[in-house]
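The structure under discussion appears below in the form of structure tokens.
The values are calculated or read from the model by the stated rules, or taken from the named source; none is laboratory data. Note that the coordinates shown come from a computational prediction; the quantities given were computed from them, not determined experimentally. A quick note on method: Cβ atoms are made from the backbone with ideal geometry, for glycine too, and the neighbour counts reach across all protein chains shown.
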Amino acid sequence: MAAAETMKKTVEQFSTASNQAFKDGVEKSLAALAEANTHSKKNLEAVVASVTAATKGAEALGAETFAYSKKAAEDQVAAAKSLAGAKSVQEAMELQTTFAKSALEAYIAQMTKASEIVSASIKDSMKPLNERVSAAVEKFQAAR
């Protein structure tokens with residue numbers, strides 16, 4: 001009878017330990033899944049933030065380019081009117097030289113401004129992605 005009692009207790013202990021181990025495993029799996037979902041959500045949010053920043057940069061670049069094009073066209077019309085009113089070839093050459101110089105300076109200034117907008121846009125759009133990569137690297141290093 002004592003052997004049967006011992007066997008019964010052993011089976012109960014084994015059963016309890018197995019149930020607890022299974023429960024602990026399920027809880028750990030669910031926690032890992034929740035963490036993975038949180039990580040994925042943050043990654044998606046970073047991608048959305050990146051695309052939003054890139055879109056804002058593209059809009060700023062487009063607006064700046066449109067404003068430059070409009071002003072350049074107005075300047076060209078004004079230069080053409082001035083050239084048409086020139087009283088000598090010498091005056092026409094001076095007007096053309098002045099216009100060409102100012103047009104080149106405006107173009108260089110515009111390209112510098114466009115370059116700054118593109119650079120800032122790239123920096124802003126990469127920031128959220130870089131933060132997620134850094135978070136992932138930290139997590140992997142902590143898991144080591």
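Residue check: is Ala54 under 17 Å from Met126 (Cα atoms), surrounded by 11 or more Cβ atoms within 10 Å (Cβ to Cβ) and touching a Ser or Thr at 6+ places or on another chain (Cβ under 7 Å)?
Judged against the criteria, Ala54 is a match.
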Would you check if there is a residue in region 57-77 being surrounded by 12 or more Cβ atoms within 10 Å (Cβ to Cβ) and farther than 24 Å from Ala120 by Cβ?
yes
Taking the stated definitions as given, is Lys42 exposed (fewer than 12 other Cβ atoms within 10 Å of the Cβ) and either basic (Lys, Arg) or in contact (Cβ under 8 Å) with a residue 12 or more places away in the chain (or both)?
no
I need the full set of residues from region 118-127 which are of a type in the set (Ser, Thr, Tyr) and either under 23 Å from His39 (Cβ atoms) or not in a helix (DSSP H, G or I) (or both), in order please.
Ser125
Can we say Ala86 is part of a helix (DSSP H, G or I) and small (Gly, Ala, Ser)?
no
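A quick yes/no check of all residues on (1) of a type in the set (Val, Ile, Thr); (2) assigned to a helix (DSSP H, G or I); (3) touching a Leu at 6+ places or on another chain (Cβ under 6 Å):
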{"position": "Leu30", "(1), (2), (3)": "no, yes, no"}
{"position": "His39", "(1), (2), (3)": "no, yes, no"}
{"position": "Val47", "(1), (2), (3)": "yes, yes, no"}
{"position": "Ser50", "(1), (2), (3)": "no, yes, yes"}
{"position": "Thr55", "(1), (2), (3)": "yes, yes, no"}
{"position": "Glu64", "(1), (2), (3)": "no, yes, no"}
{"position": "Ser102", "(1), (2), (3)": "no, yes, no"}
Which numbered condition trips up Thr112, out of (1) of a type in the set (S, T, N, Q); (2) surrounded by 11 or more Cβ atoms within 10 Å (Cβ to Cβ); (3) free of Cβ contacts under 8 Å to residues at least 60 places away in the same chain; (4) closer than 27 Å to Thr52 by Cβ?
(2)
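In this structure, is Gln110 assigned to a helix (DSSP H, G or I) and more than 26 Å from the chain's Cα centre (by Cα)?
no
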Within the bounds of region 128-143, is there any residue that is among the hydroxyl-bearing types (Ser, Thr, Tyr), assigned to a helix (DSSP H, G or I), at pLDDT below 95 and surrounded by fewer than 13 Cβ atoms within 10 Å (Cβ to Cβ)?
yes
